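First up is the structure itself, then whatever we jot down about it.
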Amino acid sequence: MGVTEFAEPMRGVIEMSWTDLHRRNEIIDEVLARAARNPEDPDLFRDLPELDRLFGGVQGVLLMLQYRWRNHMQARMDLHDESEWADPQQVARELAAEQPALRAVLDRWQVVRRERVPVYA
């Protein structure tokens, strides 16, 4: 059997161009820049062209930000060698100090989601 026989497209996977990837990164950067000014701003996710197409809505952006946080946390934890115990709460505090806008968005907007209130009307 050749490689092409196993190369079935995955169901539910959407192809993304490099342009789309760069546009997604621009949206994330813009959200974080806005959050650095005011993470409580109800317009944090407004007027971001293609947000719905590229992320499926605000929840998709929040999932991407959560993914970024978890990746950075895991990388920090992995930096500690096996003989040194890393306190996850301390690592989280250090990361939050370095990336306050990211942490502020997650803290603010995850509370909204848990309360089952619309992210924005």
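Brief remarks follow.
- Boolean, Ala97 is exposed (fewer than 11 other Cβ atoms within 10 Å of the Cβ), at pLDDT 95 or above and more than 15 Å from the chain's Cα centre (by Cα): yes
- Those residues of the range 67-76 which are surrounded by 13 or more Cβ atoms within 10 Å (Cβ to Cβ) and either farther than 18 Å from Ala36 by Cβ or in contact with a strand residue (DSSP E or B) (Cβ under 8 Å, 6 or more places away or on another chain) (or both), in sequence order: Met73, Arg76
- Of the candidates Ala92, Ala101, Ala96, Ala86, the single residue that is outside any helix (DSSP H, G or I) and of a type outside the set (Asp, Glu) is Ala86.
- Residues that are open to solvent by 70 Å² or more (accessible area, probe 1.4 Å) and without any contact (Cβ under 8 Å) to a residue 60 or more places away in the chain, drawn from the range 31-55: Arg37, Asp47, Pro49, Glu50, Asp52, Arg53
- Check on Gln66, of a type outside the set (A, V, I, L, M, F, W, C) and in contact with a helix residue (DSSP H, G or I) (Cβ under 7 Å, 6 or more places away or on another chain): yes
- Across the range 51-63, the number of residues qualifying as in contact with a helix residue (DSSP H, G or I) (Cβ under 6 Å, 6 or more places away or on another chain) and of a type in the set (Asp, Glu) comes to 0.
- Residue among Thr19, Thr4 that is among the β-branched types (Val, Ile, Thr), at pLDDT 90 or above, open to solvent by 70 Å² or more (accessible area, probe 1.4 Å) and assigned to a helix (DSSP H, G or I): Thr19
The values are calculated or read from the model by the stated rules, or taken from the named source; none is laboratory data. The model shown is predicted, which means the values in this text are computed figures rather than measured ones. We place every Cβ from the backbone using ideal geometry, glycine too, and count neighbours over all the protein chains shown. Keep in mind that these areas ignore ligands, DNA and RNA; they rest on the heavy atoms of the full protein, side chains included. Shrake-Rupley method; radii C 1.70, N 1.55, O 1.52, S 1.80 Å.
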